[in-house]
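In what follows, a structure is listed as structure tokens, so that the remarks can point back to it.
The values are calculated or read from the model by the stated rules, or taken from the named source; none is laboratory data. Computed from a prediction, not measured in an experiment: that's the story for all the values here. Ideal geometry is used to build each Cβ from the backbone, glycine not excepted, and the neighbour counts take in all protein chains shown. Just the protein is used for accessible areas: all its heavy atoms, side chains included, with ligands, DNA and RNA removed. Shrake-Rupley method; radii C 1.70, N 1.55, O 1.52, S 1.80 Å.
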There are 2 protein chains.
Amino acid sequence: MELVKTAQKLEALGNPTRLGIFKLLVQAGKKGLPVGDIQKSLGVPASTLSHHIAKLVNTGLVVQRRESRTLFCVADYVVMQDLIGYLVDKCCVKDSCC
Amino acid sequence: MELVKTAQKLEALGNPTRLGIFKLLVQAGKKGLPVGDIQKSLGVPASTLSHHIAKLVNTGLVVQRRESRTLFCVADYVVMQDLIGYLVDKCCVKDSCC
DNA sequence: AATATGATTCCATAATACTGGAAATATGGT
DNA sequence: ACCATATTTCCAGTATTATGGAATCATATT
């Protein structure tokens, strides 16, 4: 994964609201959570929430699946693992940090 | 590590220039790199670079050590490991991502 | 003291992000 | 067709971030 895209993912997670969203989604597991449930959990206005979710989706960290009127958001573990992998690689290249 | 501070660290790394700086520092190992060397590597104006480094220092991801006129920047592996730990914990709580 | 080097702070500008109400879209039920 | 629900897009306004030249600070050398 290249530097710019990695930075974009980190930036997406680098906001308390979005990190909170992502945390909820990770805890929710593979079936994810409806946007409305996230809204109830976090108490963020629908419009604001939608913007944040869109940012997470744009980076690939979250994917969406529609089930009738309800839109489920799911954390993409593979993308997340890639991101962590990048950080670990960079962090463990030379010295005894791991 | 709490959510807000985690988000701050992610935000600090979530910028291509700063991620580039951090990457250099990680690769440089325990003795770190002088600010001037980073500047030569990245070709960023001194002032701009200083702002970015300050942001990394503020979050604790980078620490500085003065050696005469030269200021060395060093990546803090423990803080980085904490950050990765937070992400891994959140990512591996329930489902089979690891 | 004067000068040079390494780096930061001051300051202003431009760019980007965050926020949220109101209107629009998507889907399903009656 | 009409209404209700779930969510997004439009459209601002406000706030924060990024950028970099010029001035300043910190340290060393002569």
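Worth a mention:
- Taken over the range A:49-77, the residue count meeting the criterion of being more than 14 Å from every other protein chain (Cβ to nearest Cβ), within 10 Å of DNA strand C (Cβ to nearest atom) and either in contact with a Lys or Arg (Cβ under 9 Å, 6 or more places away or on another chain) or in a loop (DSSP other than H, G, I, E, B) (or both) is 3.
- One residue from A:K40, A:K90, A:K30 being surrounded by fewer than 18 Cβ atoms within 10 Å (Cβ to Cβ) and within 14 Å of chain B (Cβ to nearest Cβ): A:K30
- Taken over the range B:35-47, the criterion of being within 13 Å of DNA strand D (Cβ to nearest atom) and touching a residue at least 24 places away in the same chain (Cβ under 8 Å) is satisfied by B:V35, B:G36, B:L42, B:V44.
- Single residue of the range A:12-34 satisfying the filter (of a type outside the set (A, V, I, L, M), free of Cβ contacts under 8 Å to residues at least 24 places away in the same chain and under 25 Å from B:T17 (Cα atoms)) that is nearest to DNA strand D (Cβ to nearest atom): A:G14
- Test: A:R65 is modelled with pLDDT of 95 or more, open to solvent by 30 Å² or more (accessible area, probe 1.4 Å) and among the basic types (K, R): yes
- Top-ranked residue of the range B:16-27 - restricted to ones that are in contact with a Lys or Arg (Cβ under 8 Å, 6 or more places away or on another chain) and not charged (D, E, K, R), ranked as farthest from the other protein chains (Cβ to nearest Cβ): B:F22
- Odd one out for B:M1 among (1) in a helix (DSSP H, G or I); (2) surrounded by fewer than 16 Cβ atoms within 10 Å (Cβ to Cβ); (3) more than 16 Å from DNA strand C (Cβ to nearest atom): (1)
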